[in-house]
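**Q** Input: one structure, supplied below.
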Amino acid sequence: MRVRGRQLAEAFLELETREGLNVNLLQIYRSAYWNKSSGLVRLYPNIKDVLTELYHSGIKLGIVTQKNWVLDLDGVSVGASKELEDLGIINLFSTGVGFENVVRYKPDPEGVLLALNTLGSNPANSIVIGDSPFDIEAGNAAGCLTCHAIWG
């Protein structure tokens, strides 16, 4: 089963149903992922430089992610915002939209439109860069230009 770019709760429920499991794979995954050692998430070479240059050029940056932006996991604050903080780039982004901020997930444009609204940005003058087809579909549906980043 391919889950990249899909909403994880939906994908794990589908897997549990198909395999006849009742183990709460989402909670197991979240616990394993968010309790990982610091430093396992790294930026690709030169990405911080590019983001910094865009930021200093006055370009507003936002993130729309399928991860939780902020999540309390067993009394510890984790989430995409914490990962960006650990990477030293959180200050470069003016907004972040996570799993908990939307009702409809990518490829629905809801998250992209929320980020654009928060930034006060016009979709026609905005670009969505994503690493999954769902990111590109969401950007296109929001009326943005899109760029598919094929990482690694």
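**Q** How would you classify region 25-110 from its alpha-carbon gyration tensor, with a ≥ b ≥ c the square roots of the eigenvalues: rounded for a/c under 1.5, else prolate if a/b is greater than b/c, otherwise oblate?
**A** Oblate, since a/c reaches 1.5 and b/c is not below a/b.
**Q** Give me the distance in nm between label points sitting 7 Å out from Cα along the Cα-to-Cβ direction at N117 and L13, one decimal.
**A** Once both label points are built, they end up 2.4 nm from each other.
**Q** A further question on this structure: When ligands, DNA and RNA are left out and all protein chains stay put, how many square angstrom of accessible area per residue does the chain have with a 1.4 Å probe? Kindly include the intermediate steps, with their values, before the conclusion.
**A** On the way: 9250 Å² over 152 residues.
Each residue of the chain exposes 61 Å² on average to a 1.4 Å probe.
**Q** Using a 1.4 Å probe on the protein heavy atoms only, what accessible surface does W34 show? Give it in Å² to the nearest 10.
**A** Taking all protein chains as shown, W34 has close to 30 Å².
**Q** State to the nearest 20 debye the size of the charge dipole of the chain about its Cα centre, where the only charges are +1 on K and R beta carbons and -1 on D and E beta carbons.
**A** Using only the charged Cβ atoms, the result is roughly 180 debye.
**Q** Would you list H148, H56 from the most to the least accessible area, probe 1.4 Å? Walk me through the numbers before you get to the answer.
**A** On the way: H148 95, H56 140 Å².
Putting H148, H56 in descending order of accessible area: H56, H148.
**Q** A follow-up question, please. Compute the length gained on full extension between S94 and D49: take 0.36 nm times their separation in residues and subtract their Cα-Cα distance, giving the result in nm to one decimal.
**A** Details: separation 45, 0.36 × 45 = 16.20 nm, distance 1.70 nm.
Difference between extended and current length: 14.5 nm.
**Q** I want to check the label-to-label distance for S31 and I59. Put each point 7 Å from Cα in the C-beta direction and report it in nm to one decimal.
**A** Here the answer is 4.2 nm between the modelled labels.
**Q** Could you tell me which of G120, L43, N101 has its Cα farthest along the dipole of the chain towards the positive end, charges placed at Cβ (Lys, Arg +1; Asp, Glu -1), taken about the Cα centre?
**A** Of the options given, the answer is L43.
**Q** Okay, moving on. Sorting V103, V64 by accessible area (1.4 Å probe), largest first, what list results?
**A** Per-residue accessible area, sorted high to low, gives V103, V64.
**Q** Assuming a ≥ b ≥ c are the square roots of the Cα gyration tensor eigenvalues, decide whether region 30-73 counts as rounded (a/c under 1.5), prolate (otherwise, with a/b larger than b/c) or oblate.
**A** Values: a/c = 3.68, a/b = 1.76, b/c = 2.09.
Oblate.
**Q** Report the accessible area of R18, computed with a 1.4 Å probe over the heavy atoms of all protein chains in place, in Å² rounded to the nearest 10.
**A** For R18, solvent-accessible area is about 130 Å².
**Q** Here's a follow-up. Counting DSSP beta bridges with both partners in the chain, what percentage is antiparallel, nearest 5? The partial results should precede the final answer.
**A** Details: 3 of 10 bridges.
Looking only at bridges with both residues in the chain, the antiparallel portion is about 30 percent.
**Q** Carbon and sulfur together cover what percent of the accessible area of region 48-138 at a 1.4 Å probe radius? Mind showing how you got there, number by number?
**A** On the way: 2620 of 4870 Å².
Carbon plus sulfur share of accessible area: 54 percent.
**Q** Using a Förster radius of 30 Å, what is the FRET efficiency between D72 and L145 based on their Cβ-Cβ separation? Nearest 0.05, please. Present the calculation step by step, with values, prior to reporting the outcome.
**A** Details: r = 36 Å, r/R0 = 1.19.
With a Förster radius of 30 Å, E is 0.25.
**Q** Something else: So which residue, out of P45, P109, P133, gets the largest mean-square fluctuation from a GNM of the chain using Cα contacts under 10 Å as springs?
**A** P45
**Q** Out of residues 5 or more away from L73 or on other chains, whose amide H comes under 5 Å of its own, with H placed 1.01 Å from N in the peptide plane?
**A** V78
**Q** Related question: Heavy atoms of the protein only, probe of 1.4 Å, neighbouring chains included. What is the accessible area of K60 in Å², nearest 10?
**A** K60 exposes around 100 Å² with every protein chain in place.
**Q** Using Rg and Dmax of the Cα atoms in Å as the read-out, say which of [x] 23.1, 72; [y] 17.2, 59; [z] 16.1, 53 was calculated from these coordinates.
**A** [z]
**Q** What are the residues whose amide H is under 5 Å from the amide H of T146, where those residues sit 5 or more places off or on another chain and H is modelled from the backbone?
**A** The answer is V128.
The values are calculated or read from the model by the stated rules, or taken from the named source; none is laboratory data. Just so it is clear, the model here is predicted, and its values are computed rather than measured. As a convention, Cβ positions derive from the backbone with ideal geometry for all residues, glycine included, and neighbour counts pool all protein chains shown. In case anyone asks, the SASA skips ligands and DNA or RNA and just uses the protein heavy atoms, side chains included. Shrake-Rupley method; radii C 1.70, N 1.55, O 1.52, S 1.80 Å.
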